[in-house]
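Heads up: the structure comes next, in structure tokens.
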């Protein structure tokens, strides 16, 4: 079972002190998009607002609103839709932001450099504000799991939020297998996870580009691997940048549960759809 519990040290909920703005190119549309991160009161959670649409419809960043999308996490309801929320959600989770309004102009979150680095810089610039409400953690108290063929996710009891990820790309001469484990806190997230960019094998991404499904993608916002080399002139930021980015994505997807986790999450080859399926198991156990 799992449970919602106040943190042992009575940690308080946080938002940001000041509004911050950013604009850039959307990975899928190739169009200019912008966002504003705005402070929110306690128990608001993270709420997206499409300010470019009539009525400025809102959509909570919650598992309930996740809809299928290729190569990203998408939130949608009958009024609005937002693609590519995972990197921003990861930064909010990594820095311990519980409450914020995200005002978005455009159908997706800007790609930036393909990592969470820009979003960490924005949140750090805005500053953190402690709110007068205790933070509640979702504590994993017994082993849970989700499996499908070669993809596995396991949750184990722990007094920290740790993620261990095994990535396996036998078809890639460069990638092969990578493993990384990290105990998450704002410092480790900033230094070890946030700078790590999304990546793709050239052969896998080419059909999406040819079909016009990734109009804003390029070497400026993704690592592209062709054969036994990285096509980006600057190379990788870490030898294992790719598996670290998988952890970045997983953190962002788990943030959609709506509560920080205390537990050790072990992943083997998971992606967005399996991350969300596992997050739903955790959330459903929390209600039982």
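Inclusion of residue 270 among residues that are assigned to a strand (DSSP E or B) and either touching a strand residue (DSSP E or B) at 6+ places or on another chain (Cβ under 9 Å) or more than 23 Å from residue 59 (Cα to Cα) (or both) is not warranted.
Looking across 224, 243, one residue alone is modelled with pLDDT of 95 or more, touching a strand residue (DSSP E or B) at 6+ places or on another chain (Cβ under 7 Å) and surrounded by 16 or more Cβ atoms within 10 Å (Cβ to Cβ). It is 243.
Here residue 115 meets the list (1) within 30 Å of residue 285 (Cα to Cα); (2) touching a residue at least 40 places away in the same chain (Cβ under 8 Å) almost entirely, failing just condition (1). Mind checking whether some residue in the range 74-97 is farther than 27 Å from residue 217 by Cβ and without any contact (Cβ under 8 Å) to a residue 60 or more places away in the chain? Among the residues of the range 74-97, at least one is farther than 27 Å from residue 217 by Cβ and without any contact (Cβ under 8 Å) to a residue 60 or more places away in the chain, which makes the answer yes.
On the stretch given as the range 252-278, residues that are under 18 Å from residue 67 (Cα atoms), in contact with a helix residue (DSSP H, G or I) (Cβ under 7 Å, 6 or more places away or on another chain) and surrounded by 24 or more Cβ atoms within 10 Å (Cβ to Cβ) total 7. Name every residue in the range 147-184 that is on the phi > 0 side of the Ramachandran plot and at pLDDT below 95, in order of residue number. Answer for the range 147-184, where residues must be on the phi > 0 side of the Ramachandran plot and at pLDDT below 95: just 176.
In the range 147-161, the residue that is surrounded by the fewest Cβ atoms within 10 Å (Cβ to Cβ) out of those that are assigned to a strand (DSSP E or B) and either free of Cβ contacts under 8 Å to residues at least 24 places away in the same chain or under 19 Å from the mean Cα position of the chain (by Cα) (or both) is 147. Within the range 164-203, the set of residues being assigned to a strand (DSSP E or B) and farther than 23 Å from residue 154 by Cα comprises 199, 200, 201. The criterion of being in contact with a strand residue (DSSP E or B) (Cβ under 6 Å, 6 or more places away or on another chain), touching a residue at least 12 places away in the same chain (Cβ under 8 Å), part of a loop (DSSP other than H, G, I, E, B) and within 23 Å of residue 186 (Cα to Cα) holds for residue 259.
The residue of the range 102-119 that is nearest to residue 196 (Cα to Cα), among those that are buried (at least 24 other Cβ atoms within 10 Å of the Cβ) and touching a helix residue (DSSP H, G or I) at 6+ places or on another chain (Cβ under 6 Å), is 116. Here residue 203 qualifies as over 15 Å from the mean Cα position of the chain (by Cα), more than 25 Å from residue 277 (Cβ to Cβ) and at pLDDT below 95. When each of 216, 227 is tested for being over 17 Å from the mean Cα position of the chain (by Cα), at positive phi and in contact (Cβ under 8 Å) with a residue 24 or more places away in the chain, the lone residue that passes is 227.
Evaluate the range 162-171: report whether one residue or more is within 15 Å of residue 94 (Cα to Cα) and either under 22 Å from the mean Cα position of the chain (by Cα) or in contact (Cβ under 8 Å) with a residue 40 or more places away in the chain (or both).
yes
The values are calculated or read from the model by the stated rules, or taken from the named source; none is laboratory data. Quantities reported herein were computed from a predicted structural model and do not represent experimental measurements. Don't worry about glycine lacking a Cβ; one is built from the backbone with ideal geometry, like all the others, and counts go over all protein chains shown.
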